[in-house]
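The values are calculated or read from the model by the stated rules, or taken from the named source; none is laboratory data. Note that this is a predicted model, so its numbers are computed, not measured. Ligands, DNA and RNA are stripped out before the accessible areas are found, and what is left, the full protein with its side chains, is counted by its heavy atoms. Shrake-Rupley method; radii C 1.70, N 1.55, O 1.52, S 1.80 Å.
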Amino acid sequence: MSRFDYLEDTGKKKKKKGSKKTTPAPDGRRKTAADDKAEAVYVRKSTIRAVWREYRKDGGESMSELVEDLLLQWLRDRA
């Protein structure tokens, strides 16, 4: 038994050289290529926290719903 044999015999699978991660097949949640277009938006943490407090007081459930509602309203106003 060599000095570091105990490290190799841990029961874990060894990582194979050249193995690649496979990407799962699309599950149909995305409808078009246009849905993939997204842009990062930066907002101050203090602004997010203040909005979240007020939104929660009014019975809101999640910030993502609020953002979606605001963006949809903006699109309707432009039409």
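For segment 36-79, the convex hull spanned by the alpha carbon atoms encloses 101 Å³ per residue. Accessible area ranking (1.4 Å probe, heavy atoms, ligands and nucleic acids excluded), largest first, for 62, 46: 46, 62. The accessible-area ordering, largest first, of the residues 55, 42 stands as 42, 55, per a 1.4 angstrom probe. Database remark: amide H of residue 60 closer than 5 angstrom to no amide H (H placed geometrically; neighbours at sequence offset of 5 or more, or on other chains; Pro and chain starts carry no H).
Solvent exposure of residue 54, expressed as accessible area, is near 100 Å², computed with a probe of 1.4 Å over the protein chains only.
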